[in-house]
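Enquirer: Next up is a structure, given as structure tokens.
Please treat every number below as a calculation from the coordinates, not as lab data. As the structure is a computational prediction, the values presented were derived from the model and not from experiment. Positions of Cβ are backbone-derived with ideal geometry, glycine not excepted, and every protein chain shown enters the neighbour counts.
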Amino acid sequence: MKKKENKCNNIQGCGGCAYMLGIIGAAVYYISATTGFWNTLLAILKALVWPAFLVFDLLKFIGA
């Protein structure tokens, strides 16, 4: 019995890496503007849900 290799051959399979880079970038952006522990914690939480902010602002921009 052959064991399947888990390779990333298409763009859908590699989305996790791009999403993780987005989270790191958003965390750096949000944390750079904070002071204090609770604001930093809030910045980390915002970094985890940055796609929701992106979609919300995009829909607001197009008037949907």
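Enquirer: When ranked by the protection proxy of mean other Cβ atoms within 10 Å per residue, highest first, what sequence do the peptides 50-63, 24-37 form? Spell out each step's value before the answer.
Expert: Working: 50-63: 10.1, 24-37: 12.4.
In descending order of packing, they fall as 24-37, 50-63.
Enquirer: Please state the shape class of segment 15-62: rounded when a/c is under 1.5, otherwise prolate if a/b exceeds b/c and oblate if not, all from the C-alpha gyration tensor.
Expert: It comes out oblate by the Cα gyration axes.
Enquirer: Give me a comma-separated list of calculated 3J(HN,Hα) values for segment 44-60, in order, Karplus coefficients 6.51, -1.76, 1.60 applied at θ = phi - 60°, integers in Hz, x for any Gly or Pro.
Expert: So the Karplus estimates, Gly and Pro as x, are 5, 5, 4, 5, 6, 10, 4, x, 5, 5, 4, 5, 4, 5, 5, 5, 5 Hz.
Enquirer: Along Cα→Cβ, 7 Å out, is where each label goes; now give me the distance between the ones at residue 56 and residue 40 in nm to one decimal.
Expert: 2.5
Enquirer: Could I ask something else about it? What ³J(HN,Hα) values, in whole Hz, does the Karplus curve 6.51 cos²θ - 1.76 cosθ + 1.60 give for segment 35-42 when θ = phi - 60°, with x put for Gly and Pro?
Expert: Once θ is set to phi - 60°, the couplings for segment 35-42 become 9, x, 5, 5, 5, 5, 4, 4 Hz.
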